[in-house]
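Below is one structure, written out as structure tokens; the observations come after it.
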Amino acid sequence: MRSTSHRPRKRFGQHFLHDPRVLAHLVDVLQLSKDDFIVEIGPGEGALTYRLLDKVGRLEAIEIDRDLAARLDKVKVHVADALEFDYSVFPRGVRLVGNLPYNISTPLLFHLARYAERVRDMHFMLQLEVVERMVAQPSTPEYGRLSVMLQTRFRMQNLFAVPSGAFWPPPKVESAVVRLEPLSEPLAVNEDLLRRAFSARRKTLRNALPGIDFAALGIDPRLRPENLSPADYARLSMNSIL
């Protein structure tokens, strides 16, 4: 559903998904039922919205652009900034889906992670590079703070790639759809510890996080922050005083 009247706003990072094959594939992987309560983040022109509407029992949306929000009918739209929205207003078991603005995707993912215990799952269209960082394994170039923060809360899967031509206007990057499912036993990590560690990712742990007794935790202090697993960071967070 390409708009001929709405000019995409750069400040909102608007790139509207319009390829019917990609939209159909996304709906398929969601495996929707009439019992589902879906919240779509950034519905834009409604290309995905109306495909979802016919398949679920309840659908609401969060849209920051008032002009676009006014065009969506048959859907309850919260005109709000997704980065500041309180997702606890939705009942437990809600499913989140959306084509997230790439310019705020990382802080938005951090914000959404705080509501992990309330959601059934999340399916997002994101920049491919971000998805690769989300699912990255330790000791790889893509592994970092985002990887740890999300992997301690979610089981994640890179579902499929999406070419830039599927959007209007086309972004300068490739995209992918990722699934996030909350872990039944999430791990707690100290966000400040992670920030300190990965801001010095090339240093040894001894130098990146001075004052921590790594030997007592069975962790080699000569390793680098990028070598530790999410479980290692959970242990550090539990036993360290920053």
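All of the numbers you see were taken from the coordinates with simple rules; none came from a lab. None of these values were measured; they are calculated from a predicted model. Because the Cβ atoms are built from the backbone with ideal geometry, glycine has one as well, and the counts that use them run over all protein chains shown.
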As I understand it, the dipole of the chain uses +1 on the Cβ of Lys and Arg and -1 on the Cβ of Asp and Glu, about the Cα centre. Which of HIS123, PHE198, ALA231 lies farthest toward its positive end? PHE198
Could you list which residues have their amide H under 5 Å from that of LEU17, counting only those 5 or more apart in sequence or on another chain, with H placed in the peptide plane? TRP168
Treating only the Cβ atoms of Lys and Arg (+1) and Asp and Glu (-1) as charged, compute the dipole magnitude of the chain about its Cα centre; round to the nearest 20 debye. 400
So for the pair ALA24, GLU129, with labels modelled 7 Å out along Cα→Cβ, what separation do we get in nm? 3.3
Please identify every one of the trypsin sites (Lys or Arg not before Pro) in segment 85-152 that sits in a loop by DSSP and has no more than 15 other beta carbons within 10 Å of its own beta carbon. ARG92, ARG114
Once you put a point 7 Å from the Cα of ALA215 and another 7 Å from the Cα of ASP192, both along the Cβ direction, what distance in nm separates them? 2.7
Using θ = phi - 60° and the Karplus relation 6.51 cos²θ - 1.76 cosθ + 1.60, list the HN-Hα couplings for segment 230-235 in order, rounded to whole Hz, with x at every Gly or Pro. x, 5, 4, 5, 5, 5
Using +1 on the beta carbon of Lys and Arg, -1 on that of Asp and Glu, and nothing else charged, what's the dipole of segment 1-145 about the Cα centre, debye to 20? 200
Segment 158-202 scanned against label point 7 Å out from MET238 along Cα→C-beta; backbone N under 12 Å for 186-189
Can you grab the distance from the C-alpha centre of segment 199-242 to the C-alpha centre of segment 173-196, Å, no decimals? 18
